[in-house]
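Trainee: Let me give you the structure first, and then I'll get to my questions.
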Amino acid sequence: MIRVEGLTKDYGSRRAIDDLTFHTEPGEIVGFLGPNGAGKTTTMRILCGFMPPTAGKAEIAGFDVVEQSLEVRRRVGYMPETVPLYPDMTVFDYLKFMADLRHLANAEERVDEVLEKVSMLERADGYVGNLSKGMRQRVGLAQALLHEPEVLILDEPTIGLDPVQIIEVRNLIRDLGREHTVLLSTHILSEAQQVCNRVLIINKGKIVAEDTPERLQARLTGSLRIALKVGGEPEGLETLLAGVPGVARVLPGVEGSLEFETIPGQDPRPQVARVLIGASYDLLEMRPISLSLEDIFLQLTRDEPAPPETSDAEDESEEDVEVA
């Protein structure tokens, strides 16, 4: 649905993005992560037709973002970090205005549909200027959905929201991912881990990792850490586990549980289960402990922070990486 090959953008002598290549599939939610000035917003603006690349190629639904910009804009819904709303208009009037700009034949009907989708029907007659930040974000999502785009590009959709509003917007994005391809920029690492099917980590204009959080963990560590819990007294359990082929070491866990690390490339969990049951232990739980996306991110971007993408402060207004 989104296909990017060798995408590069220069601002004078400053290279903001450098030879980016990635793709997304239909119905996929992809997280776009990186520190300040890494190139996330620049990439999104190129994909939306806001600016041309210096080199490389990008396509949305098979249409070139430069040569077929109008077709791309018909198929993309874009929600910038700061949604450009008109505070003196009602929610309905604002969305109707946006629908008319797109020449939608069923404008009023479509406005009602998107307001229902973002749970804002009861606020349709309220003024935009009286809405909370969370409600304004919902209106921003509604305008991005008006023309039923195939692709949604969302730049920091939960920034500035309180915890309840963040959960609501995340749930909405999950629902949208069932019908749209979503490219989601965020600096909240747990958000990408909870919402996204796949993540792209960008640093200094280059993609340094691209995979699911689970596969990134396996690639970086080469081994698994497993939490284990049995019923009753675990006396002798540590010694028993240490003797199972493929178990590298056994560690104390929390609340009476144990953890064990595997030898890279091996998965001894089936053998561990057989050994425990054979020794008359009641196996209550055995689950992998994932390396958090925070740990992965820090490993891949731990060098000195990148400078801003351009001297223009409006080009990148991303905040410091936040862990929620």
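Bear in mind these aren't lab numbers, they're just calculated from the coordinates by the rules spelled out. Keep in mind the model is a prediction, meaning the values are calculated, not measured. Cβ sites come from the backbone with ideal geometry, for glycine too, and all protein chains shown count toward neighbours.
Trainee: Give the residue list of GluC sites (Glu not before Pro) in the range 1-102 that are DSSP loop and have at most 10 other beta-carbon atoms within 10 angstrom.
Mentor: Sparse-neighbourhood loop GluC sites (Glu not before Pro): Glu67.
Trainee: Using the basic label-point model (7 angstrom from Cα toward the beta carbon), what is the Asn106 to Ser13 distance in nanometres?
Mentor: Each label point lies 7 Å from its Cα, and together they span 5.6 nm.
Trainee: Follow-up. Using only the alpha carbons, work out the radius of gyration and Dmax of the range 222-288 in angstrom.
Mentor: Spelled out, the Cα radius of gyration and Dmax of the range 222-288 are 10.7, 32 Å.
Trainee: Still on this structure: Which percent of the Cα-Cα distances in the range 99-172 go past 21 Å?
Mentor: Beyond 21 Å sits 26 percent of the P(r) for the range 99-172.
Trainee: May I pose another question? With the contact rule set at Cα under 8 Å and sequence spacing of 6 or more, what percent relative contact order holds for the range 2-205?
Mentor: It comes to 32 percent, rounded to a whole number.
Trainee: Which order do the peptides 43-51, 150-158 take when ranked by the mean count of other beta-carbon atoms within 10 Å per residue, highest first?
Mentor: Ranked by mean Cβ neighbours within 10 Å, highest first: 150-158, 43-51.
Trainee: Any idea how far apart Glu179 and Met51 come out in nm if each label point goes 7 Å out from Cα toward Cβ?
Mentor: 3.3 nm
Trainee: On each of the three principal axes of the Cα atoms of the chain, give max minus min coordinate, whole Å, ordered largest first.
Mentor: 72, 50, 32
Trainee: Moving to a separate point now. Which lysines, on any chain, are close to Lys96 with Cα under 29 Å apart, when same-chain ones fewer than 8 places away are left out?
Mentor: Of all the lysines, those that pass the test against Lys96 - Cα under 29 Å, at least 8 places apart if same chain - are Lys117, Lys133.
Trainee: Of all alpha-carbon pairs in the range 91-250, indicate the percentage at a distance above 24 angstrom.
Mentor: Tail of P(r) above 24 Å: 52 percent of Cα pairs.
Trainee: Here is a further query. Per DSSP helix of 4 or more residues, -39500 (n - 2.57); summed, then divided by the residues of the chain. What does that give at 222 nm, rounded to the nearest 500?
Mentor: Rounded to the nearest 500, the figure is -9000 deg cm²/dmol.
Trainee: Using alpha carbon centroids, what distance separates the range 250-284 and the range 16-83, in Å?
Mentor: A separation of 45 Å, based on Cα centres.
Trainee: From the residues Pro268, His187, Ile289, which one has its Cα farthest along the dipole of the chain in the positive direction, the dipole being from +1 and -1 charges on Cβ of Lys/Arg and Asp/Glu about the Cα centre?
Mentor: In the chain, that residue is Pro268.
Trainee: Further, regarding this structure: For the range 1-122, what are Rg and Dmax over the alpha carbons, in angstrom?
Mentor: Using the Cα atoms of the range 1-122, the pair Rg, Dmax is 16.8, 51 Å.
Trainee: Taking every DSSP beta bridge with both residues inside the chain, roughly what % is antiparallel (nearest 5)?
Mentor: Beta bridges within the chain, antiparallel portion: roughly 65 percent.
Trainee: Which of Ala142, Ile2, Gly126 sits closest to the plus end of the dipole of the range 2-205, meaning its Cα is farthest towards the positive end, when Lys and Arg get +1 and Asp and Glu get -1 on the C-beta?
Mentor: Ile2
Trainee: Dipole magnitude of the chain about its Cα centre, charges +1 at Lys/Arg Cβ and -1 at Asp/Glu Cβ only, in debye to the nearest 20?
Mentor: Here the size comes out at about 660 debye.
Trainee: Can you tell me the order of 90-96, 246-252, 103-109 when each peptide is scored by its average per-residue count of other Cβ atoms within 10 angstrom, highest first?
Mentor: Most protected by this proxy first, the peptides run 90-96, 246-252, 103-109.
Trainee: In the range 157-208, which GluC sites (Glu not before Pro) are in a loop and have at most 15 other Cβ atoms within 10 Å, using DSSP for the loop call?
Mentor: The qualifying sites are Glu179.
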